[in-house]
Each structure stands twice: as C-alpha cells, then as structure tokens.
Amino acid sequence: MRGTTEIEDLLRRHSPQVLGALLRRYGHFDAAEDAVQEALLAAAGQWPSAGVPDNPRGWLIRVASRRLTDALRAEEARRAREERVAALTPRDAFVTRDRAPREDDTLSLLFLCCHPDLTPPAQIALTLRAVGGLTTTEIARAYLVPEATMAQRISRAKQKVRGVRFGRPDNWVERLPAVLHTLYLIFNEGHTATSGPSLQRRDLAGEAIRLTRAVHRLLPDTGEVTGLLALMLLTDARRDARSGPHGELIPLDEQDRDRWDKAAIEEGVALVTRALSRGPAGPYQVRAAIAAVHGEAPSAQATDWREILGLYDVLVRLVPGPVERLGRAVAVAMVHGPRAGLAELGSLEDELSGGHRLDAVRGHLLERAGAYEEARAAYESAAAKTLSLPEQRYLRARAARAARAARLRG
C-alpha cells in the first residue's frame, strides 16, 4: 500500500499527461482541466484504501474522459433545450478511446501554454496551472498578486489558446526556446524571489526542475534542454547555504560549502559536460558551465575566475544582454581588480538603472576598492529599489558596514 505523499507525487506526475491526452482528444481546455481535477480528487479519495491501479495514468484518463464526456453532453443538451432544436450530433471527440496517451503529451502541453500569442506572465501562469498542477491560489501567492488577478490572467490565457490544435507544433524547434525561457523564469523566481519576506520560493524552483526533467526525458539529446536542467541543478544545489537561521541572505563567497548538495552538483556537472561535448554551446549550456566552475570549487578563494571570465566572454557573444554583461563585469573585477570591474558598469547605466542589481554590484566593487562612502551610497540606493525584504536587510547591513569603514578611515 502506497502512502498518501507517494500517491500525491504520483498524481502530480501524471496530471499534465492526463490533461494532454484529454486536450488531444476533445479540446475544451477549461472543461478538460475540470475533468482532470475531478479524476485526481477521485483517485486521492480511493487509492489510499483501494490501492493504486496497475495503470494509474490509464485509470485517470478513463475517469476524466467519462466526466468530460458527461459534461460536454450535458452542455449540448442544455443548449439544445435553450435553442429548442434537435440535439447536436456529438463530435468524434466525444468518443472515448482506450488508446494509450502519447509520451510527449507533457511537452505538447508546454508548447500550448507557451503559445507565442501569450505574454510571458501569462505563459508562466498557464504553465504552472496546467502543467505544474498548482492551484490559482498557490500561483497568486507565489507571485504576490491577488487571487482574482491571477485567475483572470489564467482565464484570458485559456481563451487565447482556445481552438489551437493540441500536439507538438510543426515549428516546435523554433518554439522550444519559449518553453525553456518560461521554465527558466519560473526557476529564477523560485531561486530568488523578486519581492516579499522570503529569499527563496522552493516550491517554484522545485516545480521548474521537475518540469525541465520531463522535457529532458523527451528530448535528451537537445543541448539547451540539457544545459537548462544542469543550470537549475547546479544553482539549486546551493539553496540550503544561501540563507541563515533567521532567513538572512548569505552571499556566495561566504556560504558554507559543506551545505551544498553534492549529488545535485555531480549530476549537473555530468549533464553540462555531456552537452558541451556534443556540439556548439548555447546560452543555457554556458551558464551551466559557469555554475559548474563555482560548484566544483572547494572554497571561494579557489574559484577559477579566469575560466569564468572566459565563459562570460562566450556568453555575451551569444546573449549580449545587460544581465549577462553585469555578470561579466563581476568576473572582470575578480580577475583584474575592482576598478576594472567598475569601468565595465558605465555602459549598463541606461539598461539597468531601474533595478537594484547594478547598484548592488557597484557597492560591492566600490567597497572592495576602498571607496567606502561611495559604496554606502550605492548599497542604500540598491536597498531602496528592491522589493525583497531579505535583500533589503542585506544591502542595508552592507551600507552600515561601509559607513563604519568610512568613519574609521576619516
């Protein structure tokens, strides 16, 4: 007999595949999702006592199909009564078949949720709802928006993809980057929350890793899929060391590396090594390689910053964005000194002036250069711009430390 937690994990794993099977057969996103939820509730109520069936996914599909067929037939009957016409002939989609679900239904569902007509926030919300199985309340709480707002966002997203053929699109290779970007954004929000009282949202990070693993199982030889999974594992390996006992932020160079997840680091290094050996590197593979250099260093002092700088040189050629160039500026400072790093920041003023990252890096490099009063001002500016309470506390503590150093020098 399986325990309740094990059954919940099983249901979460099968949920997107069951929804994908129903969408492929019937369409009707909202109705299919409701039917899947009813099937999941039925399984949660029956399986702990009756036992898990030999084919749990098939059981869920049959139950959900019956619920959906009943709902669609009832809807047609209602329309027929209202319109006082003969009952509509059921579409072929009403016929439930015992055909086994395709193994790539999860990937097809991801493509649907990341349709190009949807905005990135809508793609994220729909992915977490339909593929991740999170409730609207959970998603709203994670992104700190009212539940009604999130419900409206998800509803609008469903309306936009209504009528889109379910299945892997013909141009799936071109659309795969949108799927990976959505998963990357979900992971980043989980790894470092943009706002709120907690530094991390582990449920979001864990969900992003779970979904990326599902994509990797379906596309194991696609380098960027492998690179993204490796990047997530190598980054998430540090999560226990990133916060202190009171939730305070602990920067990378001060973390207790004995608390890093060695198994996750080993898996991530193996994945990125294999991906890089198979062809030209993409951005996720290069980011994973940078994370691997950090993960394999026994201490902050032993980190090979020259290798990291070389990897950032490759990354900014592939993705010359401001975030990537900001990371490179830090690597430049670690190799050539803080003043060299500060010189790199000038070109980022216009692109990053609205956020707190640029000022936070500037404060760090000014402090290392001994310009304590300027560092204090940069830290305080960064603290005023972030909505994350742990980051605010950390930056204000660094500002206070820089102020003390300035007074001592004076």
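Key figures for this structure:
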{"item": "Among 19-26, 38-45, the order from most to least packed when residues are scored by Cβ within 10 Å on average", "result": "19-26, 38-45"}
{"item": "Segment 340-410 - Debye-derived log10 I(q)/I(0), Cα point model, q = 0.24 Å⁻¹", "result": "-1.00"}
{"item": "Cβ-Cβ FRET estimate between K262 and A369, R0 fixed at 45 Å, reported to 0.05", "result": "0.80"}
{"item": "Fluctuation leader among I186, I250, I265 - the chain, Gaussian network, Cα springs under 10 angstrom", "result": "I250"}
{"item": "Accessible area per residue in Å² at 1.4 Å probe, computed on the chain", "result": "48"}
{"item": "Per residue convex hull volume, Cα atoms of the chain, in Å³", "result": "170"}
{"item": "Mean Cα-pair separation over length for segment 211-293, i.e. relative contact order, pairs under 8 Å, 6 or more apart, %", "result": "42"}
{"item": "Relative contact order for the chain, counting Cα pairs under 8 Å that sit 6 or more residues apart, in percent", "result": "11"}
{"item": "Shape category assigned to segment 280-343 from the gyration tensor of Cα positions, a/c cut at 1.5", "result": "oblate"}
{"item": "Extension reserve of the K160-E349 stretch, reckoned as 0.36 nm per residue once the Cα distance is removed", "result": "64.3 nm"}
{"item": "Accessible carbon and sulfur surface of the chain relative to its total accessible area, %, 1.4 Å", "result": "51"}
{"item": "All-pairs alpha carbon distance profile, segment 1-53, 10 Å steps from 0, percent", "result": "26, 48, 22, 3"}
{"item": "Equivalent ellipsoid, segment 113-206 (semi-axes from 5 times Cα gyration tensor eigenvalues, Å)", "result": "24, 16, 10"}
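The values are calculated or read from the model by the stated rules, or taken from the named source; none is laboratory data. Fair warning: this is a prediction, and the values are worked out from it, not measured in the lab. Ideal geometry is used to build each Cβ from the backbone, glycine not excepted, and the neighbour counts take in all protein chains shown. Side chains are part of the model used for accessible areas, which takes the heavy atoms of the whole protein and leaves out ligands, DNA and RNA. Shrake-Rupley method; radii C 1.70, N 1.55, O 1.52, S 1.80 Å.
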